[in-house]
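S.K.: I am attaching a structure below and will ask some questions about it afterwards.
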Amino acid sequence: MKVLFLGSGTSVGVPVIGCHCEVCQSPDPHNKRTRSAVLVTTKSTTLLIDFGPDLRVQALRHNVVTVDAVLCTHEHLDHVAGFDDLRAFCWEREHRLPLYAGAQCIDRLKAMYPWAFVSGGYRGYVRARGICHAGRTFCVGDVEVQPVLVEHSSVETYGYVVRAGGASFGYVPDVKQMSVTSRKLLHGLDILAMDGLCFPPHRTHLCIDENIALMRELVPTRGIVTHIGHRVEHHALESYLPDFMQPAHDGLELEL
Ligand SMILES: [Zn+2]
Ligand SMILES: [Zn+2]
Ligand SMILES: [Zn+2]
């Protein structure tokens, strides 16, 4: 299984429009973050998790042309605003592209993009295939997917654990807190990527220290900080994190 971080930034991306801070002005590509999304690939299956406003650029940058299913963490626009660009993954398909998300997210997508959900629908669009239920696993090709309910803002938000060929990857880009049940589902994974928006505490996202504390509890072999804001410099964060952790950056690819 391979995991490619298509984007590693928070909702406004980095650089932030009009911002003159050191990180936004940095020429280092590690400090240029498109909106968070990942691509999980096995020998026979490709999964896209989230489709924010940078999806088109990310797909072109990494030559992503085939996707077997799309998972969505929640309805915030930095995760769903690229919905219409999912069409590019539908044109060559015989069946509609399956989309998995929580019930609230699917309702919101239906309200935002009603033409994609009309019965009979447009040929080759996505199909709201599954409503995720916390902890209930489903399979896409050779990948097993387990949705994990977490607390973030007031919207129903999921993280996902994907397993294939004995390897496990957890992805929780937006989270502030999680229940004991969810912690159990995310415990002891090979790689766990989790929200780390900024250094000061934040109302709806884990800050860096909260991320580290939770990683120490969940003990993945490798911990990744993602969904990073513009006040966090990549290399400064890299030195700040414990040895088993690292910051994500756009284009980071990990093999499990
Ligand atoms: Zn977000
Ligand atoms: Zn800035
Ligand atoms: Zn969010």
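Every number in this text was worked out from the coordinates using simple rules, so none of it is lab data. Here the structure is a predicted model, which is why all the values come from computation and not from measurement. No Cβ is skipped: glycine too gets one built from the backbone with ideal geometry, and neighbour counts run over all protein chains shown.
S.K.: Roughly speaking, what is the stretch gain from Thr221 to Val16, that is 0.36 nm per residue apart minus the C-alpha to C-alpha distance, in nm to one decimal?
M.R.: Gain on stretching Thr221 to Val16: 70.6 nm.
S.K.: Order 18-24, 222-228 from most to least packed using the mean count of other Cβ atoms within 10 Å. Can you show the working numbers first?
M.R.: Working: 18-24: 13.1, 222-228: 24.7.
Going from most to least packed, we get 222-228, 18-24.
S.K.: A further question on this structure: Starting from 0.36 nm per residue, how many nanometres of slack lie between Val180 and Arg203 once their C-alpha separation is accounted for?
M.R.: That pair, Val180 and Arg203, stretches by 6.3 nm at full extension.
S.K.: Want the number for Arg127 to Ala213: 0.36 nm per residue separation, take away the alpha-carbon distance, what's left?
M.R.: Working: separation 86, 0.36 × 86 = 30.96 nm, distance 3.81 nm.
Gain on stretching Arg127 to Ala213: 27.2 nm.
S.K.: So what are the ³J(HN,Hα) numbers for segment 246-256, from phi and the Karplus equation (6.51, -1.76, 1.60; θ = phi - 60°), rounded to whole Hz, Gly and Pro as x?
M.R.: Taking θ as phi minus 60°, the curve returns 8, x, 6, 9, 4, x, 4, 10, 10, 10, 10 Hz for segment 246-256.
S.K.: Just rank Ser179, Ser168, Ser8, fewest to most, by other beta-carbon atoms within 10 angstrom. Each step should come with its number before you reach the end.
M.R.: On the way: Ser179 13, Ser168 20, Ser8 29.
By the 10 Å Cβ count, ascending, the order reads Ser179, Ser168, Ser8.
S.K.: P(r) for segment 1-91, please, calculated from all Cα pair distances in 5 Å bins and given in %.
M.R.: 3, 14, 25, 23, 16, 10, 6, 2, 0
S.K.: I've got another one for you. Cα-based Rg (one decimal) and Dmax (whole number) for segment 2-255, in Å?
M.R.: In order Rg, Dmax, the Cα atoms of segment 2-255 give 17.1, 53 Å.
S.K.: For segment 41-53, what does the Karplus curve 6.51 cos²θ - 1.76 cosθ + 1.60, with θ = phi - 60°, yield as ³J(HN,Hα) per residue in whole Hz, taken in order and with x for Gly and Pro?
M.R.: My calculation for segment 41-53 gives 10, 10, 4, 10, 9, 10, 10, 9, 10, 6, 9, x, x Hz in order.
S.K.: Oh, and also: Just rank Ser11, Ser119, fewest to most, by other beta-carbon atoms within 10 angstrom.
M.R.: Ordered by Cβ neighbours within 10 Å, fewest first: Ser119, Ser11.
S.K.: Neighbour counts of other C-beta atoms within 10 Å: give me Thr42, Thr157, Thr73, Thr181 arranged from fewest to most.
M.R.: The most exposed by this proxy come first: Thr181, Thr42, Thr157, Thr73.
S.K.: Additional query: Have a look at the DSSP beta bridges in segment 2-255 and tell me what percent are antiparallel, nearest 5.
M.R.: Antiparallel bridges: around 55 percent, rounded to the nearest 5.
S.K.: Okay, moving on. Using label points projected 7 Å from each Cα along Cα→Cβ, tell me how many nm separate Leu77 and Tyr240, to one decimal.
M.R.: Inter-label distance under the simple model: 2.8 nm.
S.K.: Would you mind checking which residues have amide H under 5 Å from Ser11's amide H? H placed 1.01 Å from N; only 5 or more apart, or other chain.
M.R.: none
S.K.: Given the DSSP H assignment, sum -39500 (n - 2.57) over each helix run of at least 4 residues in the chain and divide by its residue total; what's the result at 222 nm in deg cm²/dmol, nearest 500?
M.R.: For the chain, the value works out to -5000 deg cm²/dmol.
S.K.: Another question about this same structure. If you take the beta carbon distance between Asn63 and Asp84 as r and set R0 to 25 Å, what does 1/(1 + (r/R0)^6) give as a FRET efficiency, to the nearest 0.05?
M.R.: The value I calculate is 0.80.
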